[in-house]
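Derivation of every value follows stated rules applied to the coordinates shown; laboratory data play no part. Small disclaimer: the values here were computed from a predicted structure and weren't measured. Ideal geometry is used to build each Cβ from the backbone, glycine not excepted, and the neighbour counts take in all protein chains shown.
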Amino acid sequence: MSNRLAHETSPYLLQHANNPVDWYPWGPEALERAKREDKPILVSIGYSACHWCHVMERESFEHDDVAAIMNEHFINIKIDREERPDIDQIYMDAVQVLTGQGGWPLNMFLTPDAKPFYGGTYFPPRPVHGRPSWPQALHWVQQTFATKRHLVEEQAQKITEQIIHLDGAAIKGPKGPMASNYLQTADKVMVQLRPRFDSRHGGFGGAPKFPNPFNLKFLLRYHFVTSNTEALDHATLTLQKMGSGGIYDHLGGGFARYSVDEYWLAPHFEKMLYDNALLVSNLAEAYQVTQNNYFKQKAKETLAFVARELTHPLGGFYAALDADSEGEEGKFYTWHAGEIQEILGSDADWFMQYYDVTEAGNWEHVNILNTPKPAEAFAQTKGWELETFEQKLQLAQQKLLAVRGTRIRPGLDDKIILSWNALMVSAYATAAQAFGIAEYAETAERSLNFLLKHLYINGALFHTWKSEAKYPAFLDDYACLIEALLDVYQTVFDERYLQVAIELNQKVQERFTDNNGALYYYTHASQKDIIVRKRETYDNVTPSGNSVMARNLYRLGIYTGNQAHQTKAEAMMAVMMPAIGAYGSSVANWASVLLEFGGTVQEVAVVGPAYVTFCHDIAKRFNPQRVVMAAKTESPVWPLLQNHAVSGKTLIYKCENYACQKPVEKVSDFFA
């Protein structure tokens, strides 16, 4: 017997469609029933690639006796956090207020009017280490709600007030102009990050270790602005160590979510679209700075994985690959030594040495491929030329990849999420600029046009798509899509993308503006099914929509000459300056925007028949403070392209505040 989730499109909700729990999706039917029957609501939130979500389902939600308790005493709602991040944010704040920590699965108990009063993350089927079992939690909540209702209501009101307080906490403090102290604030971020540098293994802090792509983005920009070599060295060390560790898929490409150890060896094996998008951008920028082909190769391999395993036939990108297959975490990706010996024969010994494969296994009696020694150093130990070793390695990898392809694959979350797709479009555009690969620019355009066709309908954006568009888009959907439009424009210089970006920016002003403050709300003005309308400011696993909008507004102000955009962006940055200086990595994308636009922005206009080639050559060098416009002829529409008449020549104008230097005819002269 299936429950109401059988009618949903989310892979995560469909995973629970055959539970004996009487699950509802979030919506009027469930919320109105809770009020009508005066029952507490259980909201259980997770996502399809979440390992512990699967564990709790197997241990609790699939059991008839547990379901009977839930069905009798609660209105049970299952939420895919990736479909409804707005609801997830509210109740994640609530569980952090209650317990001091968060994560998924997130299980929150609400009053009939949806205010949270008790909850946690994973609950085991039996009590363990002081953690109550799920049945114990259910009975306690039911009895407390029935016999101490006034205490429940008081607790719910206090927690709701705390959520509102948390929403404004990051933007309280003295306000000041951005430009006058932007470097001082950036220095504070560096001072906070430096003690957390793991100078041996890369990354920040100990286990568990996350990639933190916004920290890496900040370090690359901090090096550009200050010439601080420590910042560059740590960013590149981290990318190299991640690329050599088990968090990276050495056969298929792409990065897993995070490592459970400090060495990047053992990941939680889920692969998320947003992680790979952000890390491709990091790798492409690291290549621009260093010209180290290692970063280019890892980016290309990751994009090959995205193209092969996460790309919809029409051009969008799927959300994630699960950590589990056959009910076992990492089974798809790990190897026994005997398997490799059987597949590779005489090549097995050197392959196993290079990839740290042993008979005993390097993780839970199996092996996660990783490369403790760089390829060049390993080849030298064997007396091989690097090119020879790479050819041998590629052949061996192909053999193992073919065998791995016959295994039962991890589950695919095949919904299209607008903001995550936009991040991947930007990654393709960044890679196209850094590497000069036309195919990446073509993919960026194709995917961008897929999003505009399927998720931008009758003037409204939608958050997800899977055969149909669902849920009104959130601020980060608008912000990341505008950013992708600007990134693709700065790759192919098609003015249509600028026009759509301007159009969407106007919708952001109309639908998300906080009339009492400088920042934007996360949710659309007409959305009524949440208890708090939040302004998200922190950069978590994806960037804050507000930080992305600040960057968008600066760029749009330069492109259009509309000073109001830059004034708005500066007001946003001024509000966030205390938080940037105080919270460091929690607002690292804000800190990166600060370094891009706090100083002197290089405005570049390229006009003439060879404008595309010239722009490609300019883009290969890293400069996050550069904004480029280009066209075959001058244009009265765009300030940077006005009054640049040419006669058969291609000219490059370097400008500041719309005042341009004498044009040059060679890219080498531009960089001189």
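A few comments on the model shown:
- Separation of the stretch 619-672 from the stretch 397-429 is 38 Å, based on Cα centroids.
- The stretch 85-157 - convex hull of alpha carbons, volume per residue in Å³: 93 Å³
- Extended-chain gain in nm, criterion 0.36 nm per residue less alpha-carbon gap, Glu154 and Glu439: 96.7 nm
- Global form of the stretch 223-330, assessed from the alpha-carbon gyration tensor, a/c cut-off 1.5: oblate
- Spatial separation of Cα centroids for the stretch 319-365 and the stretch 594-617, in angstrom: 46 Å
- Proximal charge balance of Ile618 [Cβ under 13 Å; K/R count +1, D/E count -1]: +2
- Expressed per residue, the C-alpha convex hull volume of the stretch 427-473 stands at 78 Å³.
- Cysteines without a disulfide-compatible partner [the chain; Cβ-Cβ under 4.7 Å]: Cys480, Cys615
- Computed E for His51/Val664 - FRET, C-beta separation, R0 60 angstrom, nearest 0.05: 0.60
- Cross-link reach is defined here as a Cα-Cα straight distance under 27 Å, omitting same-chain residues fewer than 8 places apart; for Lys632 the lysines meeting it are Lys620, Lys649, Lys654, Lys662, Lys666.
- Only lysines eight or more places from Lys568 in sequence, or on another chain, were considered; those with a Cα closer than 17 Å are Lys175, Lys507.
- Reciprocal mean inverse distance between Cα atoms of the stretch 1-144 - Kirkwood radius, Å: 14.9 Å
- Protection-proxy order for peptides 402-410, 424-432, 335-343, each taking the mean of Cβ atoms within 10 Å per residue, highest first: 424-432, 335-343, 402-410
- If the chain linking Gln398 and Lys35 were pulled fully straight, counting 0.36 nm for each residue of separation and taking away their Cα-Cα distance, it would gain 124.9 nm.
- Averaging the Cα positions of each part gives two centres, and for the stretch 106-143 and the stretch 5-58 these lie 15 Å apart.
- For Asn449 and Thr147, the FRET efficiency from 1/(1 + (r/R0)^6), where r spans their Cβ atoms and R0 equals 51 Å, is about 0.30.
- The calculated FRET efficiency for the pair Leu412 and Thr613, based on their C-beta separation and a Förster distance of 60 Å, comes to about 0.95.
- Debye-sum result for the stretch 303-352 in log10 I(q)/I(0), which assumes one identical scatterer on each alpha carbon, at q = 0.13, 0.32 Å⁻¹: -0.53, -1.07
- In the chain, taking the dipole from charged Cβ atoms about the Cα centre, the farthest positive-side position among Val280, Leu239, Met577 is held by Met577.
- The H on the amide N of Gly119, modeled in the peptide plane, is under 5 Å from the matching H of Phe109, each at least 5 residues off or on a different chain.
- Set of lysines near Lys115 by C-alpha distance (under 30 Å), chain-local residues within fewer than 8 positions excluded: Lys35, Lys39, Lys78, Lys148, Lys158, Lys172, Lys415, Lys470, Lys528, Lys534
- Full extension of the segment from Asn562 to Ala525, taken as 0.36 nm per residue of separation minus the current Cα-Cα distance, would add 10.8 nm.
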